[in-house]
1. Looking at segment 222-254, which of its residues are open to solvent by 10 Å² or more (accessible area, probe 1.4 Å), within 22 Å of residue 164 (Cα to Cα) and assigned to a helix (DSSP H, G or I)?
2. Of all the residues that make up segment 333-348, how many are over 21 Å from residue 241 (Cβ atoms) and surrounded by 17 or more Cβ atoms within 10 Å (Cβ to Cβ)?
3. If you check 299, 353, which single one turns out to be in contact with a Gly (Cβ under 9 Å, 6 or more places away or on another chain), over 30 Å from residue 21 (Cβ atoms) and charged (D, E, K, R)?
4. Hand me the list of strands (runs of 3 or more DSSP E) wholly inside segment 123-221 holding 2 or more residues that are in contact with a Phe, Trp or Tyr (Cβ under 9 Å, 6 or more places away or on another chain) and crowded, with 16+ Cβ neighbours inside 10 Å.
5. Report every pair of residues separated by at least 6 positions or lying on different chains whose Cβ atoms are under 7 Å apart, first residue within segment 149-177 and over 20 Å from residue 210 (Cα atoms), second open to solvent by 50 Å² or more (accessible area, probe 1.4 Å) and polar (S, T, N, Q).
6. When the residues of segment 112-122 are filtered to those that are within 21 Å of residue 10 (Cβ to Cβ) and not aliphatic (A, V, I, L, M), which remaining residue is least open to solvent (accessible area, probe 1.4 Å)?
7. Just a yes or no: is a residue in segment 27-41 modelled with pLDDT of 95 or more and under 22 Å from residue 366 (Cβ atoms)?
8. Checking residue 101 against (1) over 25 Å from residue 172 (Cβ atoms); (2) in a helix (DSSP H, G or I), which test does it fail?
Amino acid sequence: MENSVYHKLAKHLDRLPGGFPSTPDGLELRILKRLFMEPEARLACHLTLIPETAQVVAYRCGWVRDTAATMLAAMWQKGLILKHEPKGKLPRYMACQFVVGIWEFQVNRLDRELVADMAAYIPVLFNADAWGRAPQMRTIPVNRSIDPKLPVLPHEAAAALIRTKDHFVISPCICRKERRLAGHGCDGPLDACISFGDTGSYFIQSGIGRQVDRQTVLDLLETADRAGLVLQPSNSRDPAWVCCCCGCCCGVLRTVKTYPRPSDLVAAPFAVQLNAYGCTGCGLCVGRCQMGALALTGKAVQLNNHRCIGCGLCVSTCPTGALRLTRKPRSQQPRVPANMATALLRTAWKRKKIGPFQVAAEIGKSQRDRYLSSRRSITDLSKKDQCR
């Protein structure tokens, strides 16, 4: 049974940057069986993080090219793999990690059983040590919490980040949808995930999301602030998405919240500072904090810095200005990779899933298979000509 196609796929996914750890009762296998048909699982095991044409993938797994091409297209439509489609060229397919990745693409395929399995798996999937060293998401403050005098880099401010993009897609939040199916949802906005580039294109082509203009996205950020949602982009200076998250539904925030020092796990350049003399004890900030970093004791608010993730939700509604964001010391500043490719490699490196030699080997293997698959294609065409 250990050699079943789903065991092989689970091991394959565990070698990807985000990981996919095993469980004693095979919970991860049940999830895969709900998402992948056996032929799809078999084909997925032959994909890598290098985009390749259906011809190359077909050669690697011994399939007919047209059969592989049809199945790869269907698997992309189901959100099980990634696709890159250069203009005027054949589509190229690549492996997709489970989280953040395959799971988020299943937002329209959820049922109660799948949601229950995933809820049980999240604590296993979330490795606090690995996440703290190489988080896949980071926290940026809501716009109203940023003091004009505060030094802020473009990738640290939501509005500035949005202005660098020109293609926007809004789609449903899978975390909020999961919790509602399980009977624990909140009343936060459902359409609260913002995607850019190839990620956004998938949500459009699959019918999950809708394309919007820049102003609609900026308006959504304001809605998120009023609703008390934390802004979490992917962990790169050129992010692929920005999620508007609540501490009661978001899988990451819910899990981080169970630890005594969330500030050590969340990549955030800022932290909140409390001026106790200016606090009137109104308690508005306590209800806004998604990490329980603030508590009302008597007529004063107490701040636990170890729980603060620098989202700024408390700052934007403090009536007296007793709360403000400050930049963390340089030694505590999180490193933000330049782009998603660098971020994935860094995550894989920190999780000890891949190293320079493995990267070089994968590139070499891909180049070899591209050459051999092209030779096989030439041979097949030659045989057809002879048959004529």
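1. Across segment 222-254, the qualifying residues are 222, 223.
2. Of all residues in segment 333-348, those over 21 Å from residue 241 (Cβ atoms) come to 333.
Now restrict to residues that are surrounded by 17 or more Cβ atoms within 10 Å (Cβ to Cβ): none.
So the answer is 0.
3. Values: 353 fails: over 30 Å from residue 21 (Cβ atoms).
After applying the criteria, what remains is 299.
4. Numbers: elements: 168-172, 191-195, 210-212.
Of the strands (runs of 3 or more DSSP E) lying wholly inside segment 123-221, those with at least 2 residues that are in contact with a Phe, Trp or Tyr (Cβ under 9 Å, 6 or more places away or on another chain) and crowded, with 16+ Cβ neighbours inside 10 Å span 168-172, 191-195.
5. Between residues of segment 149-177 that are over 20 Å from residue 210 (Cα atoms) and residues that are open to solvent by 50 Å² or more (accessible area, probe 1.4 Å) and polar (S, T, N, Q), the close pairs are 154/164.
6. In the first step, residues of segment 112-122 are kept if they are within 21 Å of residue 10 (Cβ to Cβ); the result is 113-122.
Narrowing the set further to residues that are not aliphatic (A, V, I, L, M) leaves 113, 117, 121.
On the way: 113: 103, 117: 18, 121: 0 Å².
So, considering only residues that are within 21 Å of residue 10 (Cβ to Cβ) and not aliphatic (A, V, I, L, M), the one least open to solvent (accessible area, probe 1.4 Å) is 121.
7. Step one: filter segment 27-41 for residues modelled with pLDDT of 95 or more, giving 27-41.
Now narrow it down to the ones that are under 22 Å from residue 366 (Cβ atoms): 40-41.
Yes, because at least one residue in segment 27-41 is modelled with pLDDT of 95 or more and under 22 Å from residue 366 (Cβ atoms).
8. Failed condition: (1).
The values are calculated or read from the model by the stated rules, or taken from the named source; none is laboratory data. These numbers come from a predicted model, not from an experiment. Please note: Cβ atoms are built from the backbone with ideal geometry, for glycine as well, and neighbour counts cover all protein chains shown. These accessible areas exclude ligands, DNA and RNA; they are computed on the full protein's heavy atoms, side chains included. Shrake-Rupley method; radii C 1.70, N 1.55, O 1.52, S 1.80 Å.
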